[in-house]
Amino acid sequence: MNIEEIENSKFLKSMTTEELSDLSQDIRSFIMHSVARTGGHFSSNLGIVELTVALHYVFDFPRDKIAFDVGHQSYVHKVLSGRAKELKNIRQYGGISGFQKRKESPYDCWEAGHSSTAISGSIGIATARDLNKEDYQVIAVVGDAAIMSGESFEALNYLGTCKHKVIVILNDNNMSITKNVGGLSNMLSEIRVSEKYKNARDNYVTFLKKSKTGERVYQVTKKMKDVVKDHILDESVFTKLGLDYLGPIDGHNMEDLISALNTAKDYDHSVIVHVETVKGKGYEKAEKDKIGLYHGVKPFDLNRGIVPALHTKHQSWSEAIANHVEFLMGKHQDICVITPAMITGSSLNHIFKHYPDRSFDVGIAEEHAMTFAAGLAISGKFPFLSIYSSFSQRAYDQLNHDIARMDLPCLIGIDRAGLVGEDGPTHHGVFDIGYMMPIPNLIIMAPHNQKEAELMMNTAYKNHDHPYIIRYSKNMIHKHKDHQQDVLNVGSWKIKFFDHAHLVSVITYGDQVKNVENLIREYDLPVNLINARFLKPMDEQMLDKVAHTKIIVFETDMLIGGLGEAISFYYSQHHTPVELHAMGIGDHYVTHGSVKELLKREGLTMDDLLIKIRECLNG
Ligand SMILES: Cc1ncc(C[n+]2csc(CCOP(=O)(O)OP(=O)(O)O)c2C)c(N)n1
Ligand SMILES: CC(=O)[C@@H](O)[C@H](O)COP(=O)(O)O
Ligand SMILES: [Mg+2]
């Protein structure tokens with residue numbers, strides 16, 4: 001079948017189980033080749049093919065509602081809802097989103113990008129359905145890592161006593177991006193094992209029953225089976241929460257899937273359907289992947305597989321930060337590292353390998369990660385919490401209430417700060433400055449190169465006096481071998497260019513410092529350039545020094561709550577009349593696409609800055 005011709009999933013209803021399985025193989029191959037060409041989320045989508053086909057066979061979308069948790073595994077759903085042709089542009093500017101998107105299709109009643117919202121959203125949809133006396137099914141598809149996150153558990157707790165039916169499909173592939181962690185993961189493993197144990201037992205029983213002795217042995221072991229199976233299955237946290245439980249179901253067996261989904265469909269109450277799948281199913285390298293290499297991929301050759309690039313002169317910001325943290329961990333035994341499920345994304349694999357006793361993956365649990373860091377800090381440890389900017393939004397109160405308010409010495413690495421590109425509005429790390437600036441005691445830093453980042457990290461550790469924030473983007477930077485040993489004066493900005501005759505000053509930070517420096521050199525512009533490497537506290541002496549010039553504050557983060565606003569406030573508080581031009585992201589969400597394309601659309605390229613500089617020079 002030509003997968004691109006699928007307009008909706010109505011045609012599935014007339015297919016046999018065998019035909020549905022064959023179609024699943026075709027869809028898996030289509031997605032495998034398409035995502036290898038475009039990049040995107042690979043292994044999660046390969047593992048969920050049969051489950052999604054079975055869901056579309058049993059239920060009646062878009063009348064019935066389906067919410068994929070995170071939504072990175074909704075490509076099969078997009079194929080079955082008439083968007084197969086669009087997959088070639090997925091995550092590109094103007095192309096479809098890599099997550100569910102309501103404006104894209106009536107089949108997408110929900111959208112996410114951040115984990116663990118699907119059950120809460122589904123309960124809201126189901127409650128409204130019943131209040132409106134409407135009749136449709138509401139389904140939440142949640143991964144084994146996402147279901148363990150706080151918000152999922154808040155929702156499950158509520159669902160256990162809520163009378164509005166939701167079908168929760170637990171897509172259990174025993175993987176987060178890397179190996180899943182935590183007690184719930186172990187519980188699911190026990191259930192999985194008990195199922196395998198059950199199958200082995202069936203074979204064992206058949207063998208034993210061939211002889212009298214064997215019969216007697218069987219009777220003895222039967223007790224063991226009942227205790228293990230009944231204890232684990234019936235004692236699962238889900239049943240104890242008051243939810244009905246179906247499973248575990250083989251998530252690649254179409255017959256079993258359809259049977260279980262029909263059972264759940266007929267229930268008049270909420271139920272968890274526990275489906276076991278293989279992440280990366282059908283592509284051996286992805287099936288064996290334990291470090292998340294095939295979770296989110298750039299375009300790659302299917303035959304060769306992903307060959308990690310060996311950079312000599314360049315590295316990611318994550319690598320640069322992690323390398324120096326590892327260097328400091330070798331010198332200082334009190335440094336500990338925490339990640340909420342992003343070991344590989346934050347380049348922490350080396351640290352976890354070399355310092356297993358001082359590195360902690362807490363799973364998708366940003367709130368816990370932040371307060372866990374507070375506990376370590378009050379107990380004499382120096383925690384380094386590595387957390388993506390957009391995911392750190394989950395831990396705003398913990399940063400405020402548990403870290404800053406107690407003024408605890410620690411270092412928080414805000415990774416993926418700024419526009420991230422293809423993951424789009426849910427993942428752009430453009431809000432952290434705005435939400436952190438009002439919080440007392442925070443020292444907020446934005447390095448522009450590896451050396452400055454290392455000086456900042458040394459400063460945070462040596463001063464041991466406040467929570468330090470160091471924010472860095474998804475970009476690549478130059479790599480230097482040596483590690484800096486010095487420190488910085490907190491709040492000190494760095495002058496790149498200065499001349500008292502200059503009537504225009506550009507103030508910027510992070511990755512943009514180099515870009516603006518290059519622009520000024522290229523056009524030999526008579527302007528001052530200041531690296532505002534401490535966003536908080538600001539360098540007030542520097543601000544006074546340039547107050548007489550026309551000031552352009554250039555940032556690729558949100559304008560509201562940004563550095564430009566803080567500088568304007570400073571001058572207004574000191575009754576200093578200045579001409580200030582703030583360039584940044586306006587009051588809107590930025591869509592998905594390449595960062596280069598997005599900066600162009602936002603009017604934040606160096607060409608845009610050049611126009612502004614010339615206006616100020618000539619104005
Ligand atoms: C709040 C939040 N934290 C972290 C992430 C990053 N993230 C995206 S998918 C994923 C793993 C999800 O695992 P699971 O729910 O089991 O789904 P699977 O990919 O295995 O199908 C993580 C950690 C996120 N999207 N949102
Ligand atoms: C879906 C999700 O949230 C993650 O897979 C995220 O896309 C990872 O981002 P990076 O690729 O920048 O690590
Ligand atoms: Mg999983």
Point to revise | From the options 125, 147, residue that is within 16 Å of ligand 2 (Cβ to nearest atom) and in a helix (DSSP H, G or I) | key: 147
Revision key, fill the gap. Screening 301, 256, 268 for residues that are open to solvent by 40 Å² or more (accessible area, probe 1.4 Å), outside the structural domain of residue 135 (by TED's automatic domain parsing) and either charged (D, E, K, R) or in a loop (DSSP other than H, G, I, E, B) (or both) leaves only 301
Practice item. Keeping to the stretch 178-192, report how many residues are within 16 Å of ligand 2 (Cβ to nearest atom) and touching a strand residue (DSSP E or B) at 6+ places or on another chain (Cβ under 8 Å). Key: 1
Practice item. Output the residue which, of all residues in the stretch 85-128 that are without any contact (Cβ under 8 Å) to a residue 60 or more places away in the chain and either basic (Lys, Arg) or not assigned by TED's automatic domain parsing to the domain that holds residue 159 (or both), is farthest from residue 272 (Cα to Cα). Key: 88
Check your understanding: Would it be correct to say that residue 174 is on the phi > 0 side of the Ramachandran plot, within 16 Å of ligand 3 (Cβ to nearest atom) and either free of Cβ contacts under 8 Å to residues at least 40 places away in the same chain or under 24 Å from the mean Cα position of the chain (by Cα) (or both)?
Key -> yes
Exercise for review: Confirm whether residue 169 is within 16 Å of ligand 3 (Cβ to nearest atom), in a loop (DSSP other than H, G, I, E, B) and modelled with pLDDT of 95 or more.
Suggested key: no
Practice item. Determine which single condition residue 492 fails, assuming it passes every other condition in (1) of a type in the set (S, T, N, Q); (2) buried (at least 20 other Cβ atoms within 10 Å of the Cβ); (3) in a loop (DSSP other than H, G, I, E, B). Key: (2)
Practice item. Taking only the stretch 150-166 into account, find how many residues are part of a loop (DSSP other than H, G, I, E, B) and more than 19 Å from residue 131 (Cβ to Cβ). Key: 1
Revision key, fill the gap. Only unsatisfied item for residue 571, checking (1) in a loop (DSSP other than H, G, I, E, B); (2) open to solvent by less than 20 Å² (accessible area, probe 1.4 Å), is (1)
Check your understanding: What residue, among those in the stretch 412-440 that are touching a residue at least 60 places away in the same chain (Cβ under 8 Å), within 23 Å of residue 337 (Cα to Cα) and among the hydrophobic types (A, V, I, L, M, F, W, C), is surrounded by the fewest Cβ atoms within 10 Å (Cβ to Cβ)?
Key -> 436
Practice item. Name the residue, out of 279, 288, that is under 30 Å from the mean Cα position of the chain (by Cα) and free of Cβ contacts under 8 Å to residues at least 12 places away in the same chain. Key: 288
Revision key, fill the gap. How many residues of the stretch 541-568 are open to solvent by 20 Å² or more (accessible area, probe 1.4 Å), in a loop (DSSP other than H, G, I, E, B) and more than 18 Å from residue 612 (Cβ to Cβ)? The answer is 2
Check your understanding: Given the structure, is residue 131 assigned by TED's automatic domain parsing to the domain that holds residue 24, among the hydrophobic types (A, V, I, L, M, F, W, C) and open to solvent by 10 Å² or more (accessible area, probe 1.4 Å)?
Key -> yes
Check your understanding: So which residues in the stretch 335-380 are more than 27 Å from residue 117 (Cα to Cα) and either outside the structural domain of residue 442 (by TED's automatic domain parsing) or acidic (Asp, Glu) (or both), if there are any at all?
Key -> 357
Review point. Can you tell me which of 535, 604, 599 is part of a helix (DSSP H, G or I) and within 30 Å of the chain's Cα centre (by Cα)?
Key: 599
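The values are calculated or read from the model by the stated rules, or taken from the named source; none is laboratory data. Since we're looking at a predicted model, the values are computed, not measured. Heads up, the Cβs are rebuilt from the backbone with ideal geometry, glycines too, and the neighbour counts pull from every protein chain shown. Surface accessibility is based on the protein's heavy atoms, side chains included, excluding ligands, DNA and RNA. Shrake-Rupley method; radii C 1.70, N 1.55, O 1.52, S 1.80 Å.
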